[in-house]
Each structure stands twice: as C-alpha cells, then as structure tokens.
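The values are calculated or read from the model by the stated rules, or taken from the named source; none is laboratory data. Please read these numbers as outputs of a predicted model, since none were measured by experiment. Using ideal geometry, Cβ is built from the backbone for each residue, glycine included, and neighbour counts are taken over all protein chains shown.
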Amino acid sequence: MISWNPCRAISPCVLGLVLIPLWTAMPALAEEPKAGKVALLSGGPIAFGPEGILFVGDPKGAKIYALATGDTQSTSAGPLSAEGIDAKLASVLGVKPAEIVINDLAVNPASKRIYLAVSRGKGPDAIPLLFVLGENGDLKEVSLESALHTSIELGNPVAAGNKRMEAITSLKYAKGKVFVAGLSNEEFASTLRSIPYPFSGKVASSGIQIYHGAHGKFETASPVRTFTPLDVNGKEEILAAYTCTPLVRIPVSQLTDGAKVKGTTVAELGNRNRPLDMVTYTKGNKPYALMANSARGVMKVALEDIEKVDAIVERVGDKAGLSYESIADLKGVEHLDKMGETHAVLLIRTPKGVQIQTIVLP
C-alpha cells in the first residue's frame, strides 16, 4: 500500500486539505508486489492499469515501476476545477513555482482520483515525486519509501546524455500489456516495447519506421511523443503522434521482439509542433482522438474509417490525411486523460499558473 509521506509539513490552509483515509484493501494480483523503496532516478510518464495499479516510467533509470496503490474505491468525483497547482506544489516542496515541472497526469479509473508525476527542480538533479489530487482539490504526496511495487528494466536504452530522458517518452496499459515508447540504442532508435503485466521479465522491443510527409522521407530515429491504444475493426493498434506532426497507425500484432515495424502514416497535422498528450473516445457513435499540442492547440481528430485512409508515402504540404478541428476555447493544455467515457481532465498552463479542470469531451 502506498502511504502519504509523513516527513513533509503541509499546511491545510495553503492546500485546503481534506483528510483521505489510507487505503488498506489490496487487489489480488497474479504477481504479488513487495514493499520497498521505489528509487526513481527521474520523473517520466505515468499511466493506470487495472485495480489501481500505477505504472511509472523512469527514463534515466530505464525502468518501469508498477505501484499497487490500493486506490480502488470509487469516489463521487464530479467536475473539478483546481487552480494554482504549481504554486501549491512549490509551497509543499519549498521552491519557487518556476522550479516545478509536471511531467504527466493520469486518472485512476478505479477511484477517479488524479495523479501527477512531478519533478522538483530541472535538469539532471531534479527530484522525481508523485502527488494525488483529491475530489475536493486537496493535494498530497505519495510516499515511495515503502511502497508495494514490482518493476522491470528496459534493455538497450538510448545512451546517457542529452537524449536519455527520451528513453521513455510515453506509456499506456491495454489488455494485459504495458506499451512503452522511446529511444533505444538499436538500429531503429525509435522503439515501441510491449510488456506483459504482471511482469514476467519478458519485454518485446520493436524498432519503428514511419514516413514523415512534411520531411519527405522515412525515419527511424524520431521517438513517438504520445500515443494511445486503438481498436480498428477488432484489431489492436497503436495510434502514435510524432513531432511536426505525423499521426501513425502501428499494428500491435507486429510488435514482437526484434521486429522492425513500418507504421502507416494517416495524417500530417502541421509542422513546428510537438504533440503533448492524446486520448481516444466516442461521441455520437463516432470515434475521435483528442490531442494537446505545443504550438497548435487542442485538436479533435476524426478517426471514423481510419483503415480506409490512404497511407502518406510522398512529401506533402502542411496538412494531409485525417481531418480535424481545433478546439478554440482550450488553450494552454499540456496534459490530459479521460475520466470515464464522457469527460476528460486537463492540466492547463495559464498566465496565473497551472490549473486542473474537468471538461465534457467535445
């Protein structure tokens, strides 16, 4: 069971804390987690699996942790709006808001609580931490000193240096597997790993090649920036987004160890842009992807008949392939995740600081 860190003095007046009882019931797992220190070397992406299992990526350590939070009791969480998240974190950690980096956000589908992967400071000496936001906007640190967890190492990560934090760029759980995107030291540096959970020590590592229409060439060295699992006519796929901004279909069935997989580019969504986070959902019986971007706002991409879209295999202009609309009233979105089937939680950077907001999926 993950417990709250008792060593930090947190002012209820600053954070508006509401006490949440410690979770005691643990999920039944095929692989029993053991209590011990989770020695994160860096803060990377996070994602939830079944029964409150939180997967945490550590790019510097080239490792994935599975934390058994025990957070399986559903809350009555409704629409949430919490402001000044960066200032609250800075107050807890004794630094200025500018020294806080929020690496990712994930919603626990079992409890609807919102978890944050945070770094105190920037650069190689940044300290990775986890926090959870309660239904009333209370903010608490998750202690990693004696957490129930399992872990698995990623073989052949990109070498230490400027690109090491890209050893893990995105991760998601789907249908018994953890999928991990990032860079490796393999011939095709862009890598997708498929890891069965509970962890058995097996990691299928596949090199990924895509055609980048804006660049007019095939590429194997650019990492997936964000992705989401996708069902296409009953077949499992990965919908992956890259910098500048190709959107690519990758069949899960081809992600075998040592494979070199050619993705199908189905959209070019504009250059000079970095995709930040993405979810898929259904609205009016039609499938969509909602994607946050660094320079092009939030896009709602139509996925209906995605299997019929011609692959992009020649140089194109700024945009091609799947159609999308920009959601004009969503600005400054850096991270997002689904809360149920009808809502999304957004982490938004505003001139007044960082806020978390629940919206109806557009």
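Under the condition of being out of contact with any strand residue (DSSP E or B) (no Cβ under 6 Å at 6 or more places or on another chain) and either crowded, with 19+ Cβ neighbours inside 10 Å or touching a residue at least 60 places away in the same chain (Cβ under 8 Å) (or both), the residues counted in the range 318-337 number 1.
Anything in the range 184-231 that is β-branched (Val, Ile, Thr) and either within 23 Å of Ile152 (Cβ to Cβ) or touching a residue at least 40 places away in the same chain (Cβ under 8 Å) (or both)? List them, or say none.
So the first thing to find is which residues in the range 184-231 are β-branched (Val, Ile, Thr), and the list is 191, 195, 203, 208, 210, 220, 224, 226, 228.
Within the range 184-231, Thr191, Ile195, Val203, Ile208, Ile210, Val224, Thr226, Thr228 meet the criteria.
Using the structure shown, decide if Ala106 is hydrophobic (A, V, I, L, M, F, W, C), surrounded by fewer than 21 Cβ atoms within 10 Å (Cβ to Cβ) and touching a residue at least 24 places away in the same chain (Cβ under 8 Å). Criteria not met by Ala106. Going through (1) touching a residue at least 24 places away in the same chain (Cβ under 8 Å); (2) over 22 Å from Gly340 (Cα atoms); (3) not β-branched (Val, Ile, Thr) one by one, Ser111 falls short only on (2).
A search for C-beta distances below 8 Å between a residue of the range 133-158 that is under 23 Å from Ser205 (Cα atoms) and any residue that is surrounded by 17 or more Cβ atoms within 10 Å (Cβ to Cβ) and of a type in the set (Lys, Arg), counting only pairs 6+ apart in sequence or on different chains, returns Ser151/Lys63; Ile152/Lys63; Glu153/Lys63; Leu154/Lys63; Leu154/Arg193; Pro157/Arg164; Val158/Arg164.
The criterion of at least 2 residues that are over 18 Å from Phe218 (Cα atoms) is met by the following strands (runs of 3 or more DSSP E) wholly inside the range 238-283: 275-283. I'm checking my understanding of the structure. Among residues of the range 71-100 that are part of a loop (DSSP other than H, G, I, E, B) and of a type in the set (Asp, Glu), which one is surrounded by the fewest Cβ atoms within 10 Å (Cβ to Cβ)? Ranking the candidates gives Glu83 first. Out of Thr245, Thr256, one residue alone is under 20 Å from Val301 (Cα atoms) and either at pLDDT 95 or above or in contact with a Cys (Cβ under 7 Å, 6 or more places away or on another chain) (or both). It is Thr245. Assigned to a loop (DSSP other than H, G, I, E, B) and closer than 24 Å to Gly49 by Cα: is that true of Glu341 in this structure? Answer is yes for this residue. Looking at (1) under 21 Å from the mean Cα position of the chain (by Cα); (2) farther than 13 Å from Leu322 by Cβ, find the lone condition where Val261 falls short. Looking at each condition in turn, Val261 falls short on (1).
Within the range 119-153, being closer than 23 Å to Val95 by Cα, in a strand (DSSP E or B) and out of contact with any helix residue (DSSP H, G or I) (no Cβ under 6 Å at 6 or more places or on another chain) holds for Ser119, Ile127, Pro128, Leu129, Leu130, Phe131, Val132, Leu133, Lys140, Glu141, Val142. For the range 21-32, indicate whether the set of residues that are over 23 Å from the mean Cα position of the chain (by Cα) and either among the β-branched types (Val, Ile, Thr) or modelled with pLDDT of 95 or more (or both) is non-empty. There is at least one residue in the range 21-32 that is over 23 Å from the mean Cα position of the chain (by Cα) and either among the β-branched types (Val, Ile, Thr) or modelled with pLDDT of 95 or more (or both).
Go through Gly340, Gly284, Gly297 for me and flag whichever is modelled with pLDDT under 95 and either aromatic (Phe, Trp, Tyr) or more than 12 Å from Pro246 (Cα to Cα) (or both).
Details: Gly284 fails: modelled with pLDDT under 95; Gly297 fails: modelled with pLDDT under 95.
Unique residue meeting the criteria: Gly340.
Within the set Ala174, Ala160, Ala181, Ala167, the sole residue that is surrounded by fewer than 20 Cβ atoms within 10 Å (Cβ to Cβ), within 18 Å of the chain's Cα centre (by Cα) and not polar (S, T, N, Q) turns out to be Ala174.
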